[in-house]
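Enquirer: Take this structure, written in structure tokens, and hold onto it; I'll ask about it next.
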């Protein structure tokens, strides 16, 4: 069970980071007129097509003492990045990036331009427009982004296997733990954990898909208004 | 739909065409990760002698055991221990009488050449130094080399002091990657990997074999295989003087020659 909680903790950290970094990045991607934008879009989508072995291999080398990530981390914190929870968070953020960006981008691009113009004409700045117009209209996209990055991180295996080092409570996530049980021929424990994961994943997805879009918007609007009034 | 139909037809056509081609004999071998270099060489020798192709898949023995139990189409299984082949024999998945010990694994402490510790002089004490922050070993829960590493550390009475430094590779090959990439500063790994091309320039100290229980490695011919005759021949090659010399060259010890099975006393 320790492994399951670790996975949930990791997934929560990763979706929080991806939400905070993903909204501005997706906003920029949705609105930028820059000609080279497609290059950045391709980079963001890379983890979708690259096998985890490629990412894991690059990360293992990059996190090493001769790699760029490893050097920066070493200088800042005095220890290496591989085999740490922080290392897993960084790896998972990269691995799950497209799962947060794509739904956000799709949602932002589908906001009616007229509304943005209207907002600007009425004197709202870009940030206010993002907060009061774009985000409320993109609630389903935001929820999808959070859930997908959370679920994708829970289901992550290859990258964690390659850079984690299998430390109980630190890097032994539930997918690794299940793999270990199968390796040790402990099928009973493996199936217990697998069943827990299956049930949890289904419940989360069912809640999200079952949630009415209107419910999301109804929840968001008063909350955002309250925040706005406070500012 | 029509397009799918055509593709399906094409696939069937190609499938039957390839099935009609004369097949050169081929054996499929599942081999423990520590055998990588030795088995490549043995496969080459066999191909030269018999003209049969040897397809080797490397991986963790526990993984192979699970796969074979679930019908993986291997002809021959070289495990990193004796238990897994014995389990297969007990389950009736091995050809009777083919279970044999073919090699004995050796373990070393390995550090990169630019490490701040000299394991060739300091031996066990090197692992206690603060410069060594992480020590890579294979997972003792299911990897035979991991069990041997943990047993040797306990035998040297330093296990409790280095426990917090240990990181676990899924198999011995991954433990080697962890230290070769510099993410761990030392590793307890297989000699067969420590002398492989990518790691031969590092420093190593072999842990005396009496400090851990022997890493006896067993092999079996599998009943599910399609090519049992060639599989038996390949196993014979591995056990022959030539095969033993190859195994020794690539960092294994070999078991004493077994007496001939006929009742000579």
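Enquirer: Roughly what % of Cα-Cα distances in the stretch B:55-161 sit above 22 Å, to the whole percent?
Expert: 46 percent
Enquirer: Taking every pair of alpha-carbon atoms in the stretch A:2-230, give the share separated by more than 21 Å as a whole percent. Walk me through the numbers on the way to the answer.
Expert: Details: 16307 of 26106 pairs.
Tail of the P(r) past 21 Å holds 62 percent of the pairs.
Enquirer: For peptide B:132-140, how many partner chain Cβ atoms fall within 10 Å of a residue's Cβ, on average?
Expert: 2
Enquirer: Given the options B:80, B:150, B:115, which has the most mean-square fluctuation in a GNM of chain B, springs set between C-alpha atoms less than 10 angstrom apart?
Expert: B:115
Enquirer: Over the whole of B:176-183, what's the average partner chain Cβ count within 10 Å per residue? Rounded to a whole number, please. Spell out each step's value before the answer.
Expert: Values: counts 0, 4, 7, 0, 2, 12, 10, 14.
Across B:176-183, the average partner-chain Cβ count within 10 Å equals 6.
Enquirer: Where a ≥ b ≥ c are the square roots of the eigenvalues of the C-alpha gyration tensor, would you call the stretch B:157-265 rounded, which needs a/c under 1.5, or, failing that, prolate if a/b is larger than b/c, or oblate?
Expert: Prolate shape, in that a/c is at least 1.5 and a/b is the bigger ratio.
Enquirer: Any idea how far the Cα center of the stretch B:128-157 sits from the one of the stretch B:162-207, in Å?
Expert: 10 Å
Enquirer: Is the stretch A:1-75 best put as rounded, prolate or oblate by its Cα gyration tensor, with a ≥ b ≥ c the root eigenvalues, rounded for a/c under 1.5, and otherwise prolate when a/b is larger than b/c, oblate when not?
Expert: Judged from the Cα gyration tensor, the stretch A:1-75 comes out oblate (a/c at least 1.5, b/c at or above a/b).
Enquirer: Under the classification rounded if a/c is under 1.5, otherwise prolate if a/b is larger than b/c and oblate if not, where does the stretch B:106-211 fall, given a ≥ b ≥ c as square roots of the Cα gyration tensor eigenvalues?
Expert: Rounded, because the longest to shortest axis ratio a/c is under 1.5.
Enquirer: Express the relative contact order of chain A as a whole percentage, based on alpha carbon pairs under 8 Å and six or more residues apart in sequence.
Expert: This gives 29 percent for chain A.
Enquirer: Select from B:30, B:66, B:103 the residue whose mean-square fluctuation is largest in a Gaussian network model of chain B (Cα-Cα springs shorter than 10 Å).
Expert: For chain B, modelled as a Gaussian network with Cα springs under 10 Å, the answer is B:66.
Enquirer: Quick one: Debye curve from the C-alpha atoms of the protein assembly as shown, no solvent, what's log10 I(q)/I(0) at q = 0.07, 0.08, 0.10 Å⁻¹?
Expert: One equal scatterer on each Cα of the protein assembly as shown leads to -0.51, -0.65, -0.91.
Enquirer: Roughly what would the spin-label model give for residue B:125 and residue A:209, points 7 Å off Cα along C-beta, in nm?
Expert: If labels sit at residue B:125 and residue A:209, their model points lie 6.4 nm apart.
Enquirer: Further question on the same structure: Which three extents, in whole angstrom, do the alpha-carbon atoms of the stretch B:22-64 cover along their principal axes, largest first?
Expert: Principal extents (largest minus smallest coordinate, Cα): 34, 21, 8 Å.
Enquirer: Still on this model: Could you tell me the relative contact order of chain B? Use alpha-carbon pairs under 8 Å, at least six residues apart, and round to a whole percent.
Expert: Relative contact order comes out at 27 percent.
Enquirer: Order B:214-224, A:110-120 from most to least packed using the mean count of other Cβ atoms within 10 Å.
Expert: In decreasing order of mean packing, B:214-224, A:110-120 become B:214-224, A:110-120.
Enquirer: For chain B, what number results from the quotient of the Cα radius of gyration and 2.2 N^0.38 Å? Please report the intermediate quantities before stating the final value.
Expert: Values: Rg = 21.2 Å, N = 265, 2.2 N^0.38 = 18.3 Å.
Against the empirical 2.2 N^0.38 Å value, I get 1.16 for chain B.
Enquirer: So what are the three principal axis dimensions of the stretch A:38-168 from its Cα atoms, in whole Å, longest to shortest?
Expert: In descending order, the Cα extents are 54, 31, 30 Å.
Enquirer: How far, in degrees from 0 to 90, does helix B:36-50 lean away from the longest principal axis of the Cα atoms of chain B, to the nearest 10?
Expert: 40 degrees
Enquirer: Round to the nearest 10 and give me the degree value, 0 to 90, for the angle of helix A:85-109's Cα axis relative to the longest principal axis of chain A.
Expert: So the helix axis and the longest Cα principal axis differ by about 30 degrees.
Enquirer: How big is the gap, in Å, between the Cα center of the stretch A:22-79 and the Cα center of the stretch A:109-169?
Expert: 17 Å
Enquirer: Follow-up question, since we're still on this one. Using a 10 Å cut-off around each Cβ, can you sort A:181, B:142 from fewest to most neighbouring Cβ atoms?
Expert: If I rank by nearby Cβ atoms, fewest first, I get A:181, B:142.
Enquirer: With r defined as the distance between the Cβ atoms of residue B:201 and residue A:128 and R0 fixed at 51 Å, what FRET efficiency is calculated, to the nearest 0.05?
Expert: So the FRET efficiency works out to roughly 0.25.
Enquirer: Let me ask you something else. Treat the count of other C-beta atoms within 10 Å as a stand-in for reagent exposure and order A:53, A:144 from fewest to most. The partial results should precede the final answer.
Expert: Numbers: A:53 12, A:144 20.
Neighbour counts put them in this order, fewest first: A:53, A:144.
Enquirer: For the pair residue A:31/residue B:211, report the inter-label distance in nm, with labels modelled 7 Å from Cα in the Cβ direction.
Expert: Going by the 7 Å Cα→Cβ label model, 6.4 nm.
Enquirer: Nearest 10 degrees is fine. How inclined is helix A:52-63 to the longest principal axis of chain A, computing both from alpha carbons?
Expert: That helix lies at roughly 80 degrees to the long axis.
Enquirer: Using Cβ counts within 10 Å as a stand-in for footprinting exposure, how do B:211, B:131, B:89 rank, fewest first?
Expert: Ranking B:211, B:131, B:89 by Cβ neighbours within 10 Å, fewest first, gives B:131, B:211, B:89.
Enquirer: Once every DSSP H run of n ≥ 4 in the protein assembly as shown is given -39500 (n - 2.57) and the sum is divided by its residues, what mean residue ellipticity at 222 nm do you get, rounded to the nearest 500 deg cm²/dmol?
Expert: Mean residue ellipticity at 222 nm (helix-derived): -18000 deg cm²/dmol.
We did not get these values from a lab; they are worked out from the coordinates using the rules stated. Treat the numbers as computed from the prediction; the structure is a model and nothing was measured. No Cβ is skipped: glycine too gets one built from the backbone with ideal geometry, and neighbour counts run over all protein chains shown.
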